[in-house]
Structure formats: structure tokens, C-alpha cells
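The values are calculated or read from the model by the stated rules, or taken from the named source; none is laboratory data. If you're wondering where the values come from, they're calculated on a predicted model, not measured in any experiment. A quick note on method: Cβ atoms are made from the backbone with ideal geometry, for glycine too, and the neighbour counts reach across all protein chains shown. Areas reflect the complete protein model, heavy atoms only, side chains present, ligands, DNA and RNA absent. Shrake-Rupley method; radii C 1.70, N 1.55, O 1.52, S 1.80 Å.
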Amino acid sequence: MGKLAAVLLAACAALLSLAAPLLAGDPGMLQDICVADYKSLLGPLRVNGYPCKRPENVTVDDFFFGGLANAADVYAGGNRMGSVVTTADVEKVPGLNTLGMSMARVDYAPWGGVNPPHVHPRATEIMLVLEGVLEVGFITTANRLITRAVPRGGMFVFPRGLMHFERSVGEVPAVAISAFDSQLPGTQPAAAAMFGAVPTDVLVRALQTDAGVVERIKSKFPPK
């Protein structure tokens, strides 16, 4: 009996030791601000996000970004998509570090400017159309397309991790502003992910086509 009690006590101690980090953790910030220290990337320490700058090195510019006010040239460099995304995330606004939010501006050419199918693996996106009309949509895991036209002043939500797209369907250039519940949402374009990284023989079977077709498409998406 005494041996059984000792085993149970040891098991309880082990469980408590595993739970201790969870009990000691705090889900919220433990300081007012944690401005990203970009120089930390040069050192040996890497964390999920960025370490904080020392408070005395923080400036007001760490919390400011004026880039969303500027319209992008959607035709520059022979841009075949007819759209340009300007991000305002932690990589441009160090003051966003640990705050769990970011924004982006998307400019679209009239009649067909498209932000092609892509995924944000770390964030839900809420989009507000400032100018023009956008046809938007996302695809559920049951392969159902949820789509509609969104006019000026309308908003639309793209759930976290689901493939989605936007396309301008008006006669004037379109502009949209998006907000994300992540300081770095991540963007994975569907076509580039498939044809820039997946082996040809895998795509041949998945798409039920021949290698020549796959290779022709892959030539447009050089691997990184």
C-alpha cells in the first residue's frame, strides 16, 4: 500500500511540474510596449516575434507608418495581376510587436485588377472597400465558394487560413484597406506555392494532367 501511495505521489508531482509553466504564464503583455528590436535578428537569440527594444531607445517613429496613404502604381514593372499590396505589419511598424494586429492597403486596376488566390495562415482579415467595386470570395474546406460584389463603403471578412481572392469589377480603380488580428499575418499565394515548390510528379497526379503541362506552368513560378 505504501509503495502504491509513493507511485501516486510521484505521478502527481510530475503532472504538477508539467502544468507549472502554464499556471505561471500570463496571456497578456507584462509591459506597456515591446517595440521590435530588428537588430536582434543578427544575434543568436530567436523568438516567436521580436525581442523588445530597451525603453530608452524607443522613439515616436516606431509607432508611425504613412505608407497606406499612397496609391501604388498597379502597372509598374509589367505587373500582370493589376494589383499592389502595401503592408503595415511589424516588419514596417516595430511598435506593433506583441500587439496582435496589422493593416494593409490594396490598389487594383479597373476592370479585372486581381489579388490572386492566397492564404493568410496566421490571421483573419476584415476588408473595407474605399473606392470602386470588388468581387471577393473565399473557399471553405468543403470546397464551397462564398462570394459576392462589395461596393464602396462595404466590408467583407476572410476567415483565418482559408483561400481567398479579390477582383476589381468597376470602371474606376479600386482601393481597399484590410485589418488583421496578427502582427505578421503571412501571405501564401496559391499558384506560387503549388508550382514554385511542389514536385512535378506530385502535381501530375494531383491535377490529373501530364508533366509537360505542369512544367510549362512551373516555368512561370521559379522556386525560391
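When restricted to residues that are without any contact (Cβ under 8 Å) to a residue 24 or more places away in the chain and open to solvent by 60 Å² or more (accessible area, probe 1.4 Å), segment 139-160 contains 9. Looking only at segment 56-96, which residues are touching an Asp or Glu at 6+ places or on another chain (Cβ under 9 Å) and farther than 20 Å from Ala176 by Cα? Across segment 56-96, the qualifying residues are Asn57, Pro94, Gly95, Leu96.
Can Val85 be described as hydrophobic (A, V, I, L, M, F, W, C), assigned to a loop (DSSP other than H, G, I, E, B) and within 17 Å of Leu184 (Cβ to Cβ)?
Working: hydrophobic (A, V, I, L, M, F, W, C): yes; assigned to a loop (DSSP other than H, G, I, E, B): no; within 17 Å of Leu184 (Cβ to Cβ): yes.
In short, no.
Scan segment 93-138 for residues that are open to solvent by 40 Å² or more (accessible area, probe 1.4 Å), among the aliphatic types (A, V, I, L, M) and under 26 Å from Pro51 (Cα atoms) and the total you get is 3.
Of all residues in segment 171-185, exactly one satisfies the criterion of being open to solvent by 20 Å² or more (accessible area, probe 1.4 Å) and among the small types (Gly, Ala, Ser), namely Ala179. Being open to solvent by less than 30 Å² (accessible area, probe 1.4 Å), at pLDDT 95 or above and in a loop (DSSP other than H, G, I, E, B): is that true of Val90 here? Yes: the conditions hold for Val90. Among the residues of segment 58-72, those that are touching a residue at least 12 places away in the same chain (Cβ under 8 Å) and either open to solvent by 60 Å² or more (accessible area, probe 1.4 Å) or charged (D, E, K, R) (or both) comprise Asp62, Phe63, Phe64, Phe65, Asn70, Ala71. Scoring Ser182 on the criteria (1) touching a residue at least 40 places away in the same chain (Cβ under 8 Å); (2) closer than 30 Å to Ser219 by Cβ leaves a single failure, condition (2).
Does Ala76 satisfy being open to solvent by less than 50 Å² (accessible area, probe 1.4 Å) and of a type in the set (Gly, Ala, Ser)? So Ala76 does not fit the description; no. Here the helices (runs of 4 or more DSSP H) wholly within segment 111-224 that include at least 2 residues being modelled with pLDDT of 95 or more, among the charged types (D, E, K, R) and closer than 25 Å to Asn79 by Cβ are 211-218.
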